[in-house]
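The block underneath contains the structure these notes are about, expressed in structure tokens.
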């Protein structure tokens, strides 16, 4: 119930109907819908967040090829089926020999099999995006150079999910969708079909690149909020601030870039305040209240960044940077709710159609292991040591974000009997090798102190390739050929050794060996801990 | 929201209690083998092999075995502490211990936990201390990897010794077998006027 209220909060409305489902009378298909202020129609491209990584700016791009609602009473009845686009980063393994990948190029999924399309909850959509097809194919209405410039992404190749191959040609039909809906629409179609298409053209990237990037008014609203925070912050300056607040209201009418520039030119005190504000809101998001007042370096960094942005007159970007994860969180909230209902839903066999609803996470996203392999090759893999052992992976990402200003994917390394119990370690993958180098350098030269007196240590990491070892495991004796037959059963089933066997004695020897090792470890760790806290 | 976090964490802790940490496992053990091994104690609901990212490849593997309920997990730990339990090979037994939250890389955030951090200014007296601490961390990792290497050497040694013992035992049994087979034992028994006994 909470769910539907939340959705209604985003102003949801269905558009034109399309006829009932053939095999299921309870399903109503549609051609368009309005959600969170924008209108979506069939074959529009949309952005989706990654449910498993709430705070990451990761997103997926898909094309809506179906939208429907279950008319029987159930939770999360609204669904969309998406044809996926792959980002080059997801296909890095297959792109090694492909040279000419454009920075904003995507690859359309094609062929058949897992990863082509998915049914997703409609609420997982977090914004529209403008994807242009730049294929030279004569069936494709060629986009103008302006259109290409305005596009968030372009594509002209496909990725065959079945054979894992990059293809230059686009088939006549992909996932049952006629190719004319995959190419750009012709100009008359554009006019006829969508007001919002034109709107996309006018607003360009402003509306569509980042999920629900704040429009002009959104960002001004944020400025206003900043100003209010500030206002609360400095009660002593009440009158002065009030004046400025008024001043600020006048500015509301103006363009926001101008706002940013003017404000940054104001007295330095004000500017500091703004920085504080930024800090505060940043740390709020990251659940991490840094002691920013002591944090000269970060502040300097921020100031630098800020002034640079002001110079460029595109403060818009700086806000969108902040706004992006927040928007994501809204999405994640709704997905988290759906997780709660998961068990209930799965238990109900009638809803078989709904089975794939959580697929936001199930896109053939390269797994961590594959990611790791490619990251190691590109030099973006970093090992962070001396974390709090109870830290979680997302907390590590937050630490890196708030203290080092870098986006990353982190994974805590599990504690085992051979890891050092008082040292938390995490593997972190950065977007670029430069970012990784920067982080290592900064953590090497400076000292980042974490809450319980730990200093973060970063080293570039090299991991073992995940392969089966070929050697014989020490301690497992292979019986000789003559007796192997009778031994085979014993090996195949796991068992406890009986006290009257040789096996038992040998097992005990191994235990002794292990205990000795553990004792030694314990001693070493005790000494280490003593060192750490002297 | 806070309640949801707590709920999630409580659920996670319950899962941790149902889970047994097993190590000293051979890298050759497949998921099916491990599952059938621990299905003897109840129902295994999930298995997770913990990756060995940095250690030498020869290290034994660790695995998290999630049982259906806490009692089963206790039964596993109890039995494995009492008897050497061998999985996918012998005589080196596996070890079991209760799992801890730190063994799950995807553990949820502990409700109420908060992280703070700050950059230390080079002029701060803390700075040197922090630098020293960083060196210590590296030293400790080096020490640990050295320990591991030593341990592996020891394991090799023990393995070699046991192989020899086993071979000797086999030889002994073979010899006895042979004596029975070619009738030497019987002949000797009749020669010394003893009752012939059957070994098998």
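The values are calculated or read from the model by the stated rules, or taken from the named source; none is laboratory data. Because the structure is predicted, anything quoted here is derived from the model rather than measured. Reconstructed Cβ throughout: ideal geometry from the backbone, glycine too, with neighbour counts over all protein chains shown.
Observations, loosely collected:
- Filtered by the rule that a residue be within 13 Å of another protein chain (Cβ to nearest Cβ), farther than 18 Å from residue B:93 by Cα and in contact (Cβ under 8 Å) with a residue 40 or more places away in the chain, the stretch B:10-33 gives B:12, B:13, B:16, B:19.
- Residues that are in a loop (DSSP other than H, G, I, E, B) and within 8 Å of chain B (Cβ to nearest Cβ) were ranked within the stretch A:430-452; the one that is surrounded by the most Cβ atoms within 10 Å (Cβ to Cβ) is A:446.
- Scanning the stretch B:145-186 for residues that are at pLDDT 85 or above and farther than 25 Å from residue A:477 by Cβ returns B:145, B:146, B:147.
- The selection criterion, being more than 30 Å from residue B:7 (Cβ to Cβ), touching a strand residue (DSSP E or B) at 6+ places or on another chain (Cβ under 9 Å), at pLDDT below 85 and surrounded by 11 or more Cβ atoms within 10 Å (Cβ to Cβ), holds for residue B:131.
- Residue count, the stretch A:151-178 (criterion: buried (at least 19 other Cβ atoms within 10 Å of the Cβ), more than 24 Å from the chain's Cα centre (by Cα) and outside any strand (DSSP E or B)): 2
- The residue pairs whose first member lies in the stretch B:155-174 and is in the same structural domain as residue B:93 (by TED's automatic domain parsing), whose second member is part of a helix (DSSP H, G or I) and surrounded by 15 or more Cβ atoms within 10 Å (Cβ to Cβ), and whose beta carbons are closer than 8 Å, counting only pairs six or more residues apart or on different chains, do not exist in this structure.
- Unique residue being in contact (Cβ under 8 Å) with a residue 12 or more places away in the chain, crowded, with 17+ Cβ neighbours inside 10 Å and either in contact with a helix residue (DSSP H, G or I) (Cβ under 7 Å, 6 or more places away or on another chain) or not in a strand (DSSP E or B) (or both) when the list is A:80, A:101: A:80
- Those residues of the stretch A:384-419 which are outside any loop (DSSP other than H, G, I, E, B) and within 8 Å of another protein chain (Cβ to nearest Cβ), in sequence order: A:385, A:386, A:393, A:394, A:395, A:398, A:399, A:402, A:403, A:411, A:412
A quick yes/no check of all residues on (1) buried (at least 19 other Cβ atoms within 10 Å of the Cβ); (2) within 25 Å of the chain's Cα centre (by Cα); (3) at positive phi; (4) not assigned by TED's automatic domain parsing to the domain that holds residue B:67:
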{"site": "B:97", "(1), (2), (3), (4)": "no, yes, no, no"}
{"site": "B:110", "(1), (2), (3), (4)": "no, no, no, yes"}
{"site": "B:120", "(1), (2), (3), (4)": "yes, no, no, yes"}
{"site": "B:124", "(1), (2), (3), (4)": "no, no, no, yes"}
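- All strands (runs of 3 or more DSSP E) inside the stretch B:34-132 with 2 or more residues being at the interface with chain A (Cβ under 10 Å from one of its Cβ atoms) and without any contact (Cβ under 8 Å) to a residue 12 or more places away in the chain: B:117-120
- Some residue of the stretch B:75-82 being buried (at least 20 other Cβ atoms within 10 Å of the Cβ), farther than 29 Å from residue A:375 by Cα and at pLDDT 85 or above: yes
- Taking the criterion of being under 16 Å from the mean Cα position of the chain (by Cα) and either assigned to a loop (DSSP other than H, G, I, E, B) or surrounded by fewer than 24 Cβ atoms within 10 Å (Cβ to Cβ) (or both), the only residue of the stretch A:420-429 that qualifies is A:429.
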